[in-house]
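Worksheet for the structure shown next.
The values are calculated or read from the model by the stated rules, or taken from the named source; none is laboratory data. Just so we're clear, the structure is a prediction, and the values are computed from it rather than from any experiment. Positions of Cβ are generated from backbone atoms using ideal geometry, with glycine treated the same way; all protein chains shown enter the neighbour counts.
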Amino acid sequence: MIRNSSIYTPGRLEEITENGWNHNINPEYVEIAFSNECNFKCGYCHPMASSSYHSEVKKHGPVPGIRNHSLDVDWFKPMEEDDNPYIKAWWEWWPELSKTLNILRITGGEPLLHKSTWKLFDMLKSDPRPHIELNINSNLGMKPRFVEKLVDNVNELVTEDKIKKFKMYTSIDTWGARAEYLRTGLELGLWEENLKRYLSGTGAHVTFMCTFNILSVTSFTDLLEKILELRQEFYDPVRHRVRFDTPYLKEPLQYDMHILPKEEFLPYFDKTLQFIKDNCDDNDMTKFSDLEYERFRRVRDYFANVKYDENKVKEGRIDFYKWFTEYDKRRNANFLETFPEMENFWNLCKSLSEEDEAHIIQAKNID
């Protein structure tokens, strides 16, 4: 899978306007997934981006009775890297593409489990591209030897100017048992060990991609406390070495925070925002920045002020109960043990789901 765009640099506009409609313009930014091989199966992800998730759905089938994200994967046929014609086409394109490329971002699946990721590292070491910034999205949940190998490669590429720079992004949405429930396959002890191995080994920074969703709401402050702890441990006087962003999730609907009752759950947002404010100092790299405060204030205000119509909220709540009931069965998990503070919401969704099932049965009987 490839996503691309152009980042304007001098001369590119002239190249476009001075040539004909059929003149090929190589992009300056490309995001590529070499494979869907992945050792995680995050609930709001999709089997096309995770081999583990795909195997689960092939075993159990789509989630029954779900209107959103039912996971019908019969149309999707994953390919091994060695047999994938698109991977072959990528390497054929690389010599020309790499002349204009400014940023290459490798995603997945899990890139550190993909042979093509390591092939790219080897190619850059033997044939440098000092104008390219290389980014990787990793779940950091693999055996430590993969991270050690990454550290060695990154250090060689950066210190010897074989690439312009390297950036690491990792995904985590909350902390503790709730984080491991949300991202099946995540072992926080291993994740933290690998994170520290990368930070210690490279001296670089890491950005946490926090996809803020319905299961982040009640415990996000726990993750923020961990971030402050890591900023103390990996202190740098001029920059944050542990960074985070908080984009909010909108699909699938059962993971969307807007199906929560506002009055009951808004205090969690206010608590988190206050925690950031209480630990905010733009001049102290162990604290939060004003920008980080504003980013989360945007999330809080989005939850407080956006209102879905009644039917959409009801649909989301019905899917929420059906989804996580099936999720627990398939993954030997227990939602209420993990999120006891959401019991009232769970019971509300259960009641709506039971009403919905009764209407479906009634309609079938009439037919």
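Here residue 165 passes the criteria (1) surrounded by fewer than 19 Cβ atoms within 10 Å (Cβ to Cβ); (2) closer than 24 Å to residue 248 by Cβ except the one numbered (2). The requirement of being in a helix (DSSP H, G or I), of a type in the set (Val, Ile, Thr) and surrounded by fewer than 19 Cβ atoms within 10 Å (Cβ to Cβ) is not satisfied by residue 154. If you filter the range 34-71 down to residues that are small (Gly, Ala, Ser) and out of contact with any helix residue (DSSP H, G or I) (no Cβ under 7 Å at 6 or more places or on another chain), you find that the one that is surrounded by the most Cβ atoms within 10 Å (Cβ to Cβ) is 50. Remark: residue 272 falls outside the filter, which requires a residue to be assigned to a helix (DSSP H, G or I), at pLDDT 95 or above, under 24 Å from the mean Cα position of the chain (by Cα) and surrounded by fewer than 19 Cβ atoms within 10 Å (Cβ to Cβ). Answer yes or no: is there a residue in the range 257-265 that is part of a loop (DSSP other than H, G, I, E, B) and without any contact (Cβ under 8 Å) to a residue 60 or more places away in the chain. The answer is no; no qualifying residue exists.
Within the range 340-367, being hydrophobic (A, V, I, L, M, F, W, C), surrounded by 12 or more Cβ atoms within 10 Å (Cβ to Cβ) and over 22 Å from residue 216 (Cβ atoms) holds for one residue alone: 352.
The test for being closer than 28 Å to residue 112 by Cβ, out of contact with any Cys (no Cβ under 9 Å at 6 or more places or on another chain), among the β-branched types (Val, Ile, Thr) and at pLDDT 80 or above does not hold for residue 63.
For the range 105-144, the candidate set comprises residues that are in contact (Cβ under 8 Å) with a residue 60 or more places away in the chain, assigned to a strand (DSSP E or B) and not aliphatic (A, V, I, L, M); within that set, the residue that is surrounded by the most Cβ atoms within 10 Å (Cβ to Cβ) is 137.
Look at residue 166 and say whether it is touching a Leu at 6+ places or on another chain (Cβ under 6 Å), assigned to a strand (DSSP E or B) and over 22 Å from residue 337 (Cβ atoms). Taking the combined requirement at face value, the residue satisfies it. All of 292, 326, 337, 315 fail the test of being surrounded by fewer than 12 Cβ atoms within 10 Å (Cβ to Cβ) and part of a helix (DSSP H, G or I), apart from 337. In the range 346-367, the residues that are within 30 Å of residue 265 (Cα to Cα) reach residues that are among the charged types (D, E, K, R) with C-beta atoms within less than 8 angstrom, at least six apart or across chains, in these pairs: 348/317; 349/317; 352/314; 352/317; 353/317; 353/322.
If you go through the range 189-205 one residue at a time, do you hit one that is in contact (Cβ under 8 Å) with a residue 60 or more places away in the chain, surrounded by fewer than 20 Cβ atoms within 10 Å (Cβ to Cβ), in contact with a Lys or Arg (Cβ under 7 Å, 6 or more places away or on another chain) and not in a helix (DSSP H, G or I)? No: zero hits. Cβ-Cβ contacts under 6 Å between residues 6 or more apart (or on different chains), taken from a first residue in the range 30-41 that is over 16 Å from residue 79 (Cα atoms) to a second residue that is basic (Lys, Arg) and modelled with pLDDT of 95 or more, are listed as 31/105; 40/183. Among all positions in the range 240-261, there is no residue which is more than 22 Å from the chain's Cα centre (by Cα), more than 20 Å from residue 181 (Cβ to Cβ) and surrounded by 14 or more Cβ atoms within 10 Å (Cβ to Cβ).
Might you let me know whether the range 32-52 holds any residue that is part of a loop (DSSP other than H, G, I, E, B), in contact with a strand residue (DSSP E or B) (Cβ under 6 Å, 6 or more places away or on another chain) and of a type in the set (Gly, Ala, Ser)? Checking the range 32-52: at least one residue is part of a loop (DSSP other than H, G, I, E, B), in contact with a strand residue (DSSP E or B) (Cβ under 6 Å, 6 or more places away or on another chain) and of a type in the set (Gly, Ala, Ser). Is it the case that some residue within the range 336-346 is modelled with pLDDT under 95, of a type outside the set (D, E, K, R) and over 19 Å from residue 62 (Cα atoms)? No, every residue in the range 336-346 fails to be modelled with pLDDT under 95, of a type outside the set (D, E, K, R) and over 19 Å from residue 62 (Cα atoms).
Can you work out which of the residues in the range 7-33 that are at pLDDT below 85 and under 22 Å from residue 167 (Cβ atoms) is surrounded by the most Cβ atoms within 10 Å (Cβ to Cβ)? Filtering first and then ranking leaves 26.
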